[in-house]
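Reading through the structure tokens given below for one structure.
The values are calculated or read from the model by the stated rules, or taken from the named source; none is laboratory data. Here the structure is a predicted model, which is why all the values come from computation and not from measurement. Because the Cβ atoms are built from the backbone with ideal geometry, glycine has one as well, and the counts that use them run over all protein chains shown.
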């Protein structure tokens, strides 16, 4: 019979199991009641009427359902939201790495500049940077959106990576230096890859935040998903506002869930790669000390060499 596994808590008894079941039933009933109340309220206000027909049969201005979904998915999502994300993410990767290097530098002025950049732009709203790009620098809406997303997320991602590096054992750096590596090589080749693996959930969460922050471009006339949503319900009538807002919300949720699922897949793959590399046992020397007894013959005949 195998020994029981060590637990950090006591095995629940009959009363605890019954209490957990009661709590589950109560909370499920409360959530179901809340959802039912919301659905009933929406029904009494006429939310579930023919206004939803605009998604599959608009019947206005010669528009077809394909035109509506093309505007949302292609012009809004692909050519607007995801375009800004695809441009911003590689820039953030490079600039945040440079910022981490500067924070770990032995040069005091460089460390001070990196520290100031991080704390200043972490405290400034993204929209304010976008406004600065449009009004002060006369940049296009796309460049202003990318500027705001890049500056803010560079500061945040650099802090995430710095926290991951600080969580590593100090022996990692000391071992690299003892092998003759320069401090920069130790940071880039030993510490930073491990920090990325440790902080991968936080990094993915920040990518999701970056994707959602593209909707702020709506205020500076950047043509993205939220702007297309507004144009659609202005064209088809105010009664379709709820329809298009909920459709845009579902699109955002699906895209963010896809990003999260990819992150989970990548994390599992990295974990399997890490655990699949076993420790290679050195070959036993014939005639050496045997594991069964220390007093074994330690002399190897010349005929066996």
When the residues of the range 63-78 are filtered to those that are crowded, with 16+ Cβ neighbours inside 10 Å and assigned to a helix (DSSP H, G or I), which remaining residue is farthest from the chain's Cα centre (by Cα)? 68
Considering residues of the range 204-232 that are buried (at least 20 other Cβ atoms within 10 Å of the Cβ) and closer than 22 Å to residue 53 by Cβ only, the residue farthest from the chain's Cα centre (by Cα): 232
Pair list, Cβ < 9 Å and 6+ apart or interchain, from the range 221-243 residues that are without any contact (Cβ under 8 Å) to a residue 60 or more places away in the chain and on the phi < 0 side of the Ramachandran plot to residues that are surrounded by 19 or more Cβ atoms within 10 Å (Cβ to Cβ) and in a loop (DSSP other than H, G, I, E, B): none
Residues of the range 38-62 satisfying the condition of being within 14 Å of residue 231 (Cβ to Cβ) and either free of Cβ contacts under 8 Å to residues at least 12 places away in the same chain or exposed (fewer than 13 other Cβ atoms within 10 Å of the Cβ) (or both): 60, 61
Residue that is farthest from residue 209 (Cα to Cα), among those in the range 136-146 that are touching a helix residue (DSSP H, G or I) at 6+ places or on another chain (Cβ under 9 Å) and free of Cβ contacts under 8 Å to residues at least 60 places away in the same chain: 137
Of the numbered conditions (1) loosely packed, with under 15 Cβ neighbours inside 10 Å; (2) farther than 30 Å from residue 59 by Cα; (3) touching a helix residue (DSSP H, G or I) at 6+ places or on another chain (Cβ under 8 Å); (4) at pLDDT 85 or above, residue 164 satisfies every one except a single condition; which is it? (1)
Among the residues in the range 37-47, are any farther than 20 Å from residue 241 by Cβ, out of contact with any strand residue (DSSP E or B) (no Cβ under 9 Å at 6 or more places or on another chain) and assigned to a helix (DSSP H, G or I)? yes
Within the range 81-124, restricting attention to residues that are without any contact (Cβ under 8 Å) to a residue 12 or more places away in the chain and outside any helix (DSSP H, G or I), which residue is farthest from residue 159 (Cα to Cα)? 107
Taking residue 254 as the residue in question, decide whether it is assigned to a helix (DSSP H, G or I), closer than 27 Å to residue 130 by Cα and free of Cβ contacts under 8 Å to residues at least 24 places away in the same chain. yes
When the range 189-202 is checked residue by residue, the ones that are without any contact (Cβ under 8 Å) to a residue 60 or more places away in the chain and within 12 Å of the chain's Cα centre (by Cα) are 196, 199, 202
